[in-house]
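Quick notes on the structure that follows.
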Amino acid sequence: MATRQTQSLARLMRAPAILLLLAWMIVPLAMTLYYSFLDYNLLNPGSAAWTGFFNYRFFYTDPAFFAAIGNTLILVLGVLAITVIGGIAIALLIDRPIMGQGIVRILIISPFFVMPPVAALIWKNMIMHPSYGVLADMARFFGVQPVDWFAQYPLLSIIIIVAWQWLPFATLILLTALQSLDSEQMEAAEMDGASAWAKFTHLILPHMARAITVVILIQTIFLLGVYAEILVTTNGGPGNASTNLTYLIYRAARLNFDIGGAAAGGIIAVVLANIVAIFLMRAVGKNLD
Amino acid sequence: MARATTQRSRIGWTIAAWFVALLIFFPILYTIITSLKTEQEAIAGFDLIPSFTLSSFEAVQSQNSYWRPFTNSVILSLGSTLLALVVAIPAAWAMAFSPTKRTKDILMWMLSTKMMPAVAVLVPIYLIFLRTGLMDTRIGLTVLLMLINLPIVVWMLYTYFREIPGEILEAARMDGASLRNEILYVLTPMAVPGIASTLLLNVILAWNEAFWTIQLTTTNAAPLSAFIASFSSPQGLFWAKLSAASVMAIAPILVLGWFSQKQLVRGLTFGAVK
């Protein structure tokens, strides 16, 4: 069947996708690498000069850089903790024979389809606003001083918003994994008088391990790039309190017009993302065989 | 006795599940409710019953020229997805039906391009758009969104195409079907559901993309994601209008999303969880 003719046709069919992605990967990255060695500011465009590793050093010695790395880590780990633990709990809850399961699923999955700027605006104005938000209404009802979320707990507020967006994704994937659990095994465990906790730790959790890994890795890729939520709510502030690496680079490039510095930051972001990517590729690659 | 307990525990779990579901859905629900209030009602404190006025929707449509970003969102999300399908269908087809030793490596490499953080290439893409006049154009953004989602499109199509059994083709050939009939009557009907699922998920992803759309548009080509983000700088009290704009931005995709739950798992985990 696999004649030379079909082989060359297949090559022709693959070529456009491969060439496009090759160009998309190499050209901008090479340009970023090149710019990262230039002293290049859009405000004085005539003076782009080679500076070696100056941009990296500058980025590295900037206290904002370490604040941003720290915030990125807290943001990613905080959201992962909430979504994975919450996702497991909710998946276990709605996997039971409950009434109106279809609607419950739809309600729970919905936040995932809300675009990031809208999610951020809804939380900023409807829920967390210090005078008109629902939480402020509740605080007044109980006679407590309302919390000014984005001023007092900027990073936590963003973690809550982002976790709300990603909880559905984790829940849906963990639920899918849960539903493929062998019911005979569960029944056997029940016959043997296994406690609910024993069933959870010895049967359910090992079965979901792979799905949990996938959730963590995929979310990490997206969480490293959280941007619109910060732009809409805190603008990275107060100070650098809610600036992550993505936002720091955006600020360097678009607000300070520092092309060289932003490019150096971009290369650092690539290195970070690649560390995660290597693990993800392994997990997904296993499934191909 | 046992049955009564089961029944009671079922009701208990149902209540718990509905409580959690409504809690998670609440921000969206409250936005919908607020969009149906007047501006005075919207800031008058917690109230779940609006006066069901549509004035905010009318105001958003007339004052803020909602239809332009809406049209841009439709054009960008559909355009980039269709463009990606044109490139990806032949590629995924070839990889599924005439795999070579390197097919797996190529697929993994394609996936790896998706791992590149957007912000890493912000500088070059921004400068390219600025210098070639692509800034704030639909065509520039359509191509960019196509490239961003191309790996996912190829992957999803590949996992679907791979499930089409090769024996069916052989059977059709034995029955004397021509290549044209083979493609038209045997393969296409089997491939359509996979293509449709891929289309659906990628329209959703492109519609909600909010990094590049904000960076590369101002007014002309700005889709809803960029349009809504511009609301972050407040100009007075506009809670009801803000809610109406939000509802209009998410409603179409929310409904599409409800139909794509299964594909979502498969598409976003690159087939690792089904």
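Structure summary
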| read-out | value |
| --- | --- |
| Enumeration of residues in segment A:203-248 that are under 17 Å from residue A:266 (Cα atoms), assigned to a loop (DSSP other than H, G, I, E, B) and aliphatic (A, V, I, L, M) | A:224, A:226 |
| Test set (1) under 30 Å from residue B:231 (Cα atoms); (2) within 13 Å of another protein chain (Cβ to nearest Cβ); (3) modelled with pLDDT under 85 - residue B:33 fails condition number | (3) |
| Restricting segment A:1-58 to residues that are touching a strand residue (DSSP E or B) at 6+ places or on another chain (Cβ under 6 Å) and among the polar types (S, T, N, Q), the residue that is nearest to the other protein chains (Cβ to nearest Cβ) | A:41 |
| Residue in segment B:203-218 that is polar (S, T, N, Q), surrounded by fewer than 24 Cβ atoms within 10 Å (Cβ to Cβ) and either within 16 Å of the chain's Cα centre (by Cα) or modelled with pLDDT of 85 or more (or both) present | yes |
| Helices (runs of 4 or more DSSP H) enclosed by segment B:172-274 - at least 1 residues per element that are out of contact with any His (no Cβ under 8 Å at 6 or more places or on another chain) and among the charged types (D, E, K, R) | B:239-258, B:261-268 |
| Segment A:130-156, residues that are assigned to a helix (DSSP H, G or I) and within 13 Å of chain B (Cβ to nearest Cβ) | A:134, A:135, A:136, A:137, A:138, A:139, A:140, A:141, A:150 |
| Residue in segment B:176-195 that is under 22 Å from residue B:76 (Cα atoms) and in contact with a Ser or Thr (Cβ under 7 Å, 6 or more places away or on another chain) present | no |
| Criterion violated by residue A:269 - all others in (1) facing another protein chain (nearest Cβ under 7 Å); (2) surrounded by 21 or more Cβ atoms within 10 Å (Cβ to Cβ); (3) over 14 Å from residue A:73 (Cα atoms) satisfied | (3) |
| Leading residue by the ranking (surrounded by the fewest Cβ atoms within 10 Å (Cβ to Cβ)) among those in segment A:152-183 that are of a type in the set (Gly, Ala, Ser) and more than 20 Å from residue A:118 (Cα to Cα) | A:183 |
| Residue ID - farthest from the chain's Cα centre (by Cα), chosen from residues in segment B:126-150 that are surrounded by fewer than 23 Cβ atoms within 10 Å (Cβ to Cβ) and at the interface with chain A (Cβ under 7 Å from one of its Cβ atoms) | B:126 |
| Residue within segment B:32-40 that is farther than 30 Å from residue B:188 by Cβ, out of contact with any strand residue (DSSP E or B) (no Cβ under 7 Å at 6 or more places or on another chain) and loosely packed, with under 12 Cβ neighbours inside 10 Å present | yes |
| Checklist (1) modelled with pLDDT of 90 or more; (2) within 13 Å of another protein chain (Cβ to nearest Cβ) applied to residue B:102, failing item | (1) |
| Options B:100, B:113: the member that is free of Cβ contacts under 8 Å to residues at least 60 places away in the same chain and in contact with a Phe, Trp or Tyr (Cβ under 7 Å, 6 or more places away or on another chain) | B:113 |
| Residue selected from segment A:95-129 under the condition over 21 Å from residue B:205 (Cβ atoms) and among the basic types (Lys, Arg), by the criterion nearest to the other protein chains (Cβ to nearest Cβ) | A:96 |
| Boolean, residue A:146 is surrounded by 24 or more Cβ atoms within 10 Å (Cβ to Cβ) and within 30 Å of residue B:33 (Cα to Cα) | no |
| Among the residues listed as B:57, B:26, B:46, the single one being under 29 Å from the mean Cα position of the chain (by Cα), closer than 21 Å to residue A:135 by Cβ and not charged (D, E, K, R) | B:26 |
| Any chance residue B:130 is closer than 23 Å to residue A:229 by Cα, aliphatic (A, V, I, L, M) and either in a helix (DSSP H, G or I) or touching a Ser or Thr at 6+ places or on another chain (Cβ under 6 Å) (or both) | no |
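Table: residues versus (1) in contact (Cβ under 8 Å) with a residue 12 or more places away in the chain; (2) under 19 Å from residue A:22 (Cβ atoms); (3) touching a helix residue (DSSP H, G or I) at 6+ places or on another chain (Cβ under 8 Å); (4) among the β-branched types (Val, Ile, Thr).
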site: B:105; (1), (2), (3), (4): no, yes, no, no
site: B:139; (1), (2), (3), (4): no, no, no, yes
site: B:149; (1), (2), (3), (4): yes, yes, yes, no
site: B:153; (1), (2), (3), (4): yes, yes, yes, yes
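This table checks each residue for (1) modelled with pLDDT under 90; (2) out of contact with any helix residue (DSSP H, G or I) (no Cβ under 7 Å at 6 or more places or on another chain).
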residue: A:63; (1), (2): yes, yes
residue: A:77; (1), (2): no, yes
residue: A:86; (1), (2): no, no
residue: A:98; (1), (2): yes, no
residue: A:104; (1), (2): no, no
residue: A:107; (1), (2): no, no
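For every residue, the table says whether it meets (1) within 8 Å of chain B (Cβ to nearest Cβ); (2) surrounded by fewer than 21 Cβ atoms within 10 Å (Cβ to Cβ).
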| site | (1), (2) |
| --- | --- |
| A:212 | no, yes |
| A:221 | yes, yes |
| A:228 | yes, no |
| A:232 | yes, no |
| A:237 | no, yes |
| A:241 | no, yes |
| A:247 | no, no |
| A:250 | yes, no |
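The values are calculated or read from the model by the stated rules, or taken from the named source; none is laboratory data. Everything numeric in this text was worked out from a predicted model, so none of it was measured. Neighbour counts are summed over all protein chains in view; Cβ atoms, including those assigned to glycine, are modelled from backbone coordinates with ideal geometry.
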